[in-house]
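Derivation of every value follows stated rules applied to the coordinates shown; laboratory data play no part. As the structure is a computational prediction, the values presented were derived from the model and not from experiment. All Cβ positions, even for glycine, are placed from backbone atoms using ideal geometry, and neighbour counts span all protein chains on display.
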């Protein structure tokens, strides 16, 4: 990651018996969100199974970065889709609590286990 604002966010996704898993890596901020937003909207809008968003290797850099998470939650709710965020750092947990979104935070299960998302 380059500290001059030229960051790259990568997204890995897969489907299994527990639902649709999306892992974000990198810094979500003003510079990276515009390209990522459309991909995340497609993922949320096109699916019907549970959506698990893994933020283990992701940093929320500013309000724009946090806003894209809020957008995903709202889109998932409109589509009656269960949405769960796992492995978020402490700062992201605090932001989610302040935004009254702590109900979407779940705990990852050991490899091979089914993750139970929290319904919105």
May I ask you to verify whether residue 39 is in contact with a strand residue (DSSP E or B) (Cβ under 7 Å, 6 or more places away or on another chain), in a helix (DSSP H, G or I), surrounded by fewer than 19 Cβ atoms within 10 Å (Cβ to Cβ) and on the phi < 0 side of the Ramachandran plot? yes
Just to be sure before I move on: is residue 13 under 14 Å from the mean Cα position of the chain (by Cα) and buried (at least 17 other Cβ atoms within 10 Å of the Cβ) in the structure I sent? no
Filtered residue count, region 50-84, keeping only those that are closer than 15 Å to residue 106 by Cβ and not in a helix (DSSP H, G or I): 11
